[in-house]
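The values are calculated or read from the model by the stated rules, or taken from the named source; none is laboratory data. Computed from a predicted model, the values in this text were never measured in an experiment. Here the Cβ positions follow ideal geometry from the backbone for every residue, glycine too, while neighbour counts run over all protein chains shown.
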Amino acid sequence: MKTKVTTKGQTTIPESIRKHLGVKSGEEVEWHLVKAMAIVQKDRKIKNPAQFLVGQVKLDLDAVQLVKRAREDFR
């Protein structure tokens with residue numbers, strides 16, 4: 001799924017992704033960088049981030065290492 005970025009740096013979250021995340025108009029989302037990936041997260045507490053990533057990512061990635069690296073990047 002692709003979207004364009006405006007000259008103001010804005011983009012639209014596709015409807016199917018908004019529905020999946022339960023994001024409604026006016027709500028905030030968080031953006032995270034993990035290596036070369038941007039992750040959009042609805043403002044909620046994730047009890048087990050590693051398990052969440054494993055359930056979301058269908059690539060050959062080590063989710064535990066991704067979480068560890070993400071935490072290091074934000075220190």
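Quick check on ALA50: is it under 15 Å from the mean Cα position of the chain (by Cα), of a type outside the set (Phe, Trp, Tyr), at pLDDT below 90 and in a helix (DSSP H, G or I)?
yes
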The residue that is nearest to the chain's Cα centre (by Cα), considering only those in the stretch 1-34 that are surrounded by 11 or more Cβ atoms within 10 Å (Cβ to Cβ) and closer than 22 Å to GLN65 by Cα, is HIS32
Scanning the stretch 1-31 for residues that are farther than 18 Å from ASP43 by Cα and either basic (Lys, Arg) or in a strand (DSSP E or B) (or both) gives LYS2, LYS4, LYS8
